[in-house]
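The values are calculated or read from the model by the stated rules, or taken from the named source; none is laboratory data. Everything numeric here is computed off the predicted structure, so don't read it as measured data. As a convention, Cβ positions derive from the backbone with ideal geometry for all residues, glycine included, and neighbour counts pool all protein chains shown. Accessible surface is based on the protein model in full, side chains and every heavy atom, while ligands, DNA and RNA are left aside. Shrake-Rupley method; radii C 1.70, N 1.55, O 1.52, S 1.80 Å.
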Amino acid sequence: MQFWNEIHGPERWEVAVRVLIIWVFALLIFLFLHRWLPKILSKRHGGNKKRRWMEVIAQNKLLTKLGIVILVATLSAMLPLINWEGVTALRKVISILFIAMATIFIASLMRTANGIYEGFPIAKSRPIKLFVQTAEVLLYCVGIIFIISVIVSKTPHNLFVGLGAFAAVVMLIFKDSITGFVAGIQLNANDMVRLGDWIVVENCSANGVVEEINLYTVKVRNWDMTLSMVPTYQLVSVPFINWRGMFDSEGRRIMQNVYVDARSVHFVSEEELLKIRNSIYLKEFIEKKLLELEAQKAEEKSVLDVNSLTNLTLFRHYMEAWMSANAKLNVRMLCMVRELPSSPTGIPLQFYCFTKDKQWVEHEHIIADMFDHIYAVLSEFSLHVYEYSHPSWE
């Protein structure tokens with residue numbers, strides 16, 4: 001090579017030794033970061049947090065990328081030792097390679113920082129992945145501008161000044177990124193969605209737990225184990241349900257109807273009253289009600305004036321007392337049985353209460369046990385559930 005021929009005598013070997021020493025030193029640093037340091041750190045005993053940090057660093061290949069940056073920087077440092085006509089072109093290539101690798105390393109460093117942050121409890125309520133991804137987009141844009149400035153031999157300042165002319169194009173290209181970034185700020189500022197929240201977005205067929213919030217999408221694992229990708233901006237532009245309020249409250253609601261056949265509703269006879277008046281759930285109510293009715297007997301002039309207890313009234317009060325005594329229901333929250341307007345399918349009795357256990361499976365078991373009891377005890381009050389019968393069936 002020409003540059004080698006221009007160097008004479010001891011100077012030639014002096015330059016060769018310098019280049020060799022620098023290159024070997026850079027290779028040793030690269031090997032240390034790429035192979036030896038991860039092994040040393042993995043052998044040292046540490047807590048779960050430290051092991052997670054090492055897993056995140058290894059996953060993003062942070063140390064390897066740092067080693068490559070050092071290698072490229074070493075090549076750049078060796079250029080002043082080389083004196084030949086093609087050194088200018090080589091300097092440009094190495095500068096472009098250094099900018100590219102430095103950009104990739106910084107982006108990897110940000111992803112590593114986000115991965116470590118996600119190991120802390122606060123990450124569930126305040127995720128930063130969206131902001132990290134936004135910073136990555138801006139970082140890559142700046143890196144591309146610097147690379148172009150090296151290729152055209154212009155300062156980055158001149159390119160940044162000229163970038164204003166292409167602002168409309170840039171806005172069009174990064175429209176989804178800008179929209180997702182603004183939506184992410186709104187989601188975080190208003191605490192609308194957190195990792196682990198159970199959300200329902202009907203427009204996107206999403207009904208499950210939020211697993212990831214990033215710049216472009218919110219990943220939801222549905223109850224049937226499928227995945228739904230909801231655009232981030234959708235959560236600030238369409239209605240959705242977040243069940244976090246239910247999990248943060250003291251109970252999970254039960255609101256379910258039983259349709260009673262209107263033909264089975266009647267005034268209770270002495271025999272029926274005698275059978276149920278000793279119930280611990282009804283004894284106090286019946287005694288109080290009988291005293292009120294006894295005081296009204298003097299004003300009765302006709303059979304139409306008789307004011308007596310109905311089996312439906314007794315059943316409603318029995319169930320309210322039963323629900324209040326149920327240890328699985330939260331009696332500090334609203335607990336009632338109400339009668340809704342009658343319909344062609346009978347008289348709707350609505351049971352409204354809250355279970356202490358908010359987990360889905362146990363919640364459904366409590367509901368099933370409660371309504372099994374309701375259907376079984378209805379006959380004790382001579383009440384019947386409405387059952388549709390077609391005339392042709394009779």
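Structure values in brief
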| item | result |
| --- | --- |
| Segment 239-368, accessible area per residue, ligands and nucleic acids excluded (1.4 Å, Å²) | 62 Å² |
| Unit charges on C-beta of K, R, D, E only; dipole of segment 302-375, Debye | 220 debye |
| Pairwise label distance in nanometres, Arg221 with Ala58, each label 7 Å out on the Cα-Cβ vector | 2.2 nm |
| Residue-level accessible surface for Met255, protein heavy atoms, 1.4 Å, Å² | 90 Å² |
| Set Lys289/Lys328; Lys61/Lys129; Lys124/Lys219 screened for pairs whose C-alpha atoms are more than 20 Å apart | Lys289/Lys328 |
